[in-house]
Amino acid sequence: MCSFPLALTGYWAYGNKVTAKEGLLSVFLQVHGHDTSRGAMGSVYLLQIINCLCQFQIYAMPAFDSLEFRYIFKKQQQCPRRVRAAYRFFFTGLISLLSVAFPFFPSLAPFMGGLTLPFKFSYPCLMYNLIKKPDQSGTLWWLNLGLGCFGIILSVMLVVATFWNLVTNGVHANFFSP
């Protein structure tokens, strides 16, 4: 949700100039680089770095919580700050190593997203019907069932389309060379 307004305004401002290979910042530099001061460009890049660092902390929170839960379950005591910091440091380092080792991941990202799409959109609708048990002849039950089935169908279509794209275009794997 954080990047959705940025994507909308970026498409509104630059249209089809933004390709899959280039990002919004590259197009911004191409279009406005010659008439924008270095300070303004530096602040744009600094804000992008801060945004990435903040988003990583937000999206990595379930992994941090899972690691801390395993520690608490195994040791039967609270997780000390130094252990929590060590877990977060280790996880961040591992993810950074993987992002450098596998720079071709953007071609696999839609495939992974299609596999995990039902967990975000379809299963909550279906779980609502199972847990709350609304009237089966009611509109809420049918709405949740329809949205759940639509999400699963959309996920299957996305996985098939991405797999077809990977088969036709291939994955050009260059380890440790971004």
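The values are calculated or read from the model by the stated rules, or taken from the named source; none is laboratory data. These numbers were taken from a predicted model, which means no experiment stands behind them. Heads up, the Cβs are rebuilt from the backbone with ideal geometry, glycines too, and the neighbour counts pull from every protein chain shown. Protein only, heavy atoms only, side chains kept; ligands, DNA and RNA dropped before computing areas. Shrake-Rupley method; radii C 1.70, N 1.55, O 1.52, S 1.80 Å.
Taking the range 1-111 as the region of interest, the helices (runs of 4 or more DSSP H) fully inside it that hold 3 or more residues being polar (S, T, N, Q) and within 23 Å of the chain's Cα centre (by Cα) are 38-59, 81-101. Filter the range 24-61 down to the residues that are of a type in the set (S, T, N, Q) and under 15 Å from Leu6 (Cα atoms) and list them by number. The answer is Ser26, Gln48, Asn51, Gln55.
Give Tyr45, Tyr11 a once-over and let me know the one that is among the hydroxyl-bearing types (Ser, Thr, Tyr) and under 29 Å from Phe121 (Cα atoms). Step through it out loud before you land on a result.
Values: Tyr45 fails: under 29 Å from Phe121 (Cα atoms).
None of the other options fit; the residue is Tyr11.
Within the option set Pro118, Pro134, being surrounded by 12 or more Cβ atoms within 10 Å (Cβ to Cβ) and over 17 Å from the mean Cα position of the chain (by Cα) holds for one residue only, Pro134.
Quick grid of which residues meet (1) under 30 Å from Met157 (Cα atoms); (2) modelled with pLDDT of 80 or more:
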residue: Lys17; (1), (2): yes, yes
residue: Arg38; (1), (2): no, yes
residue: Ala63; (1), (2): yes, yes
residue: Ser66; (1), (2): no, yes
residue: Phe69; (1), (2): no, yes
residue: Ile95; (1), (2): yes, yes
residue: Phe104; (1), (2): yes, no
residue: Pro110; (1), (2): yes, yes
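Farther than 27 Å from Ala60 by Cβ and at pLDDT below 90 - does that describe any residue in the range 116-124?
Residues of the range 116-124 farther than 27 Å from Ala60 by Cβ: none.
No, the range 116-124 contains no residue that is farther than 27 Å from Ala60 by Cβ and at pLDDT below 90.
Of all the listed residues (Phe111, Phe91, Phe64), the sole one being touching a residue at least 40 places away in the same chain (Cβ under 8 Å) and either touching a strand residue (DSSP E or B) at 6+ places or on another chain (Cβ under 9 Å) or open to solvent by less than 90 Å² (accessible area, probe 1.4 Å) (or both) is Phe111.
So which of Leu6, Leu24 is surrounded by 13 or more Cβ atoms within 10 Å (Cβ to Cβ) and modelled with pLDDT under 80?
Values: Leu6 fails: surrounded by 13 or more Cβ atoms within 10 Å (Cβ to Cβ).
Of Leu6, Leu24, the one residue that is surrounded by 13 or more Cβ atoms within 10 Å (Cβ to Cβ) and modelled with pLDDT under 80 is Leu24.
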